[in-house]
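Student: Take a look at the following structure, please.
The values are calculated or read from the model by the stated rules, or taken from the named source; none is laboratory data. Fair warning: this is a prediction, and the values are worked out from it, not measured in the lab. Cβ sites come from the backbone with ideal geometry, for glycine too, and all protein chains shown count toward neighbours.
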């Protein structure tokens with residue numbers, strides 16, 4: 001593991017720590033999505049298995065992709081902070097939003113089709 005030490009000039013440490021906190025928030029979100037996917041798949045086990053499986057796989061996949069994005073975003077921001085630049089991300093948030101809309105649409109279909117049959 002390569003440990004890089006940089007001079008703490010101006011807001012360097014604060015910026016890197018903020019980047020790390022943002023990364024950890026992304027990780028919590030990704031793990032929440034994975035957990036929700038497992039929960040949906042388990043709750044729907046007694047009803048329509050195909051829809052429950054699709055909803056579970058959708059959330060688990062979206063959680064995994066969110067985790068991959070968070071790592072790449074963290075490294076990208078850290079590299080740019082060391083260079084003294086900060087290009088604004090445009091594609092990543094658009095892709096995440098599109099993925100979230102797809103998963104939300106799947107969850108809506110799941111609730112509408114299985115809402116009255118869930119064993120709660």
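Student: With respect to residue 56, determine if the residue is at positive phi and either at pLDDT below 90 or over 16 Å from the mean Cα position of the chain (by Cα) (or both).
Tutor: The answer is no for residue 56.
Student: Which condition breaks for residue 68 when tested against (1) modelled with pLDDT under 90; (2) under 30 Å from residue 109 (Cα atoms)?
Tutor: Evaluating residue 68 over (1) modelled with pLDDT under 90; (2) under 30 Å from residue 109 (Cα atoms) leaves (1) as the failure.
Student: Return the residue satisfying two criteria in turn: it lies in the range 36-53 and is free of Cβ contacts under 8 Å to residues at least 40 places away in the same chain and farther than 21 Å from residue 97 by Cβ, and of such residues it is nearest to the chain's Cα centre (by Cα).
Tutor: Filtering the range 36-53 for residues that are free of Cβ contacts under 8 Å to residues at least 40 places away in the same chain and farther than 21 Å from residue 97 by Cβ, the one nearest to the chain's Cα centre (by Cα) comes out as 38.
Student: Oh, and also: So residue 61 clears everything in (1) at pLDDT 90 or above; (2) touching a helix residue (DSSP H, G or I) at 6+ places or on another chain (Cβ under 6 Å) except one condition, right? Which one?
Tutor: In the conditions (1) at pLDDT 90 or above; (2) touching a helix residue (DSSP H, G or I) at 6+ places or on another chain (Cβ under 6 Å), residue 61 misses (2) alone.
Student: Looking at the range 70-87, which of its residues are surrounded by fewer than 12 Cβ atoms within 10 Å (Cβ to Cβ) and either in a helix (DSSP H, G or I) or under 19 Å from the mean Cα position of the chain (by Cα) (or both)?
Tutor: Correct list: 72, 79, 83.
Student: Kindly indicate whether residue 111 is modelled with pLDDT under 90 and part of a helix (DSSP H, G or I).
Tutor: yes
Student: OK, next. Just give me the residues in the range 88-101 being assigned to a helix (DSSP H, G or I) and either without any contact (Cβ under 8 Å) to a residue 12 or more places away in the chain or within 15 Å of residue 63 (Cβ to Cβ) (or both), in sequence order.
Tutor: Matches in the range 88-101: 91, 93, 94, 95, 96, 97, 98, 99, 100, 101.
Student: Name the residues in the range 30-50 that are part of a helix (DSSP H, G or I) and touching a helix residue (DSSP H, G or I) at 6+ places or on another chain (Cβ under 6 Å), would you?
Tutor: 30, 33, 34, 36, 37, 40, 41, 44
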